[in-house]
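The values are calculated or read from the model by the stated rules, or taken from the named source; none is laboratory data. These figures come from a predicted structure and were not determined experimentally. Note that each Cβ is placed from the backbone with ideal geometry, even for glycine, and that neighbours are counted across all protein chains shown.
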Amino acid sequence: MARSYRILAIVPFPGVAVLGRLKDMNDTTMHAIGQDTIGGPEVLTEIELPIPTPGPGEILVRVRAAGLNPTDWRHRGVAGLFLDEPPFVLGWDVSGEVVRTGIGVTLFEPGDEIFGMLPYPNGHGACAEYVVGPARAFAPKPLNLDHIQAAAVPLAALTAWQALVDTAKLQAGQRILIHAAAGGVGHFAVQIAKARGAHVIGTASAANHAFLRELGVDETIDYRTTDFADAVRDVDVVLDSIDDENSVRSLRTLRPGGLLVSLRAFGPTALTAEAQRSGVRAVRMLVEHDHAGMTALARLAESGTLRPTVAGVFPLAEAAKAHALGETGRTVGKLVLTVP
């Protein structure tokens, strides 16, 4: 028997500020993309759920676009990652408008256009018409980005920001090796690194080298024909989102005391042990929702320094098609769902 979806409270919260109507004065439900079993893209179905109510410190957002990331299809298709067993609604990237604010919220008012990342991993639910999240998971949407572009930013760009700025403290003149530099996280990491004055070496297939040069990559490596572990030396930072084997090989490219940031949040201790033997450091990182980080990214976007690349746009009802395309691993940039 299929599990029932968790019902969120729809009773008005005392002291909540409200922006006019929702979809209709009598409408208390919304459309979302859910799943009640683990599996391929075909398990994603359009469902109806109650419109949630923001609690203290939270906002209710009318979702205009929801960005997708590899973590979406991994959680859809593999049990036991971070989430409990389904049913659930996936999605962490949001761009939209504030509809209601809960008690204590001072950052936003109903009508504000915002973008952000819901708390990862347990705050999922962006693939819906409405979503509730902590006010401080969001920032004002950059004026020069539409909702589709803005929804392509949060999780991937915030991951890159927290890896390079907060963790590695990347400085001007330093050298950084970015793996999968044309991907969702990678293409943001390149732009953030260049904004900080670093020398960037990026790995990607040869077909994506022109794209990387447009982003400002100083040296490109075709991972299909060149062994980066032999070609690169004396970098200060490595950013790796591929796997532990790739990370261990990347340790050879670091200068003494250099740092490798792995985006594989869990794995064997061999990586840390090998880094210690090699006289370098290795850390694993998991992205966190971050108002300050989102605000910094918004400033970079408004200045034209950070530009999201959108690989494809699908209506919410076609989320399964977007997942299937994302799983090919051949997209450049981000996939986005629009919410009519």
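Evaluate the following for Tyr130: is it hydroxyl-bearing (Ser, Thr, Tyr) and buried (at least 24 other Cβ atoms within 10 Å of the Cβ)? Against the criterion (hydroxyl-bearing (Ser, Thr, Tyr) and buried (at least 24 other Cβ atoms within 10 Å of the Cβ)), Tyr130 qualifies. Just one of the listed residues (Phe228, Phe266, Phe211) is among the hydrophobic types (A, V, I, L, M, F, W, C), surrounded by fewer than 21 Cβ atoms within 10 Å (Cβ to Cβ), within 26 Å of Glu288 (Cα to Cα) and touching a residue at least 12 places away in the same chain (Cβ under 8 Å), and it is Phe266. From the list Gln162, Gln171, pick out the single residue that is assigned by TED's automatic domain parsing to the domain that holds Asp244, within 20 Å of Val232 (Cα to Cα) and surrounded by fewer than 24 Cβ atoms within 10 Å (Cβ to Cβ). That would be Gln171, the only listed residue that is assigned by TED's automatic domain parsing to the domain that holds Asp244, within 20 Å of Val232 (Cα to Cα) and surrounded by fewer than 24 Cβ atoms within 10 Å (Cβ to Cβ). Number of residues in the stretch 275-321 that are part of a loop (DSSP other than H, G, I, E, B) and in contact (Cβ under 8 Å) with a residue 12 or more places away in the chain: the value is 14.
For the stretch 288-310, the set of residues classified as within 18 Å of Val185 (Cα to Cα) and aliphatic (A, V, I, L, M) consists of Met294, Ala296, Leu297, Ala298, Leu300, Ala301, Leu306, Val310, listed by residue number.
Is there any pair linking a residue in the stretch 68-79 that is without any contact (Cβ under 8 Å) to a residue 60 or more places away in the chain and buried (at least 20 other Cβ atoms within 10 Å of the Cβ) to one that is in a helix (DSSP H, G or I) and of a type outside the set (Val, Ile, Thr), with Cβ under 8 Å and at least six apart or on different chains, and which? Within 8 Å, no pair qualifies.
Yes/no matrix, rows are residues, columns are (1) farther than 19 Å from Thr159 by Cα; (2) outside the structural domain of Val232 (by TED's automatic domain parsing); (3) among the aliphatic types (A, V, I, L, M):
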| position | (1), (2), (3) |
| --- | --- |
| His187 | no, no, no |
| Val200 | no, no, yes |
| Thr203 | no, no, no |
| Asn208 | yes, no, no |
| Leu215 | no, no, yes |
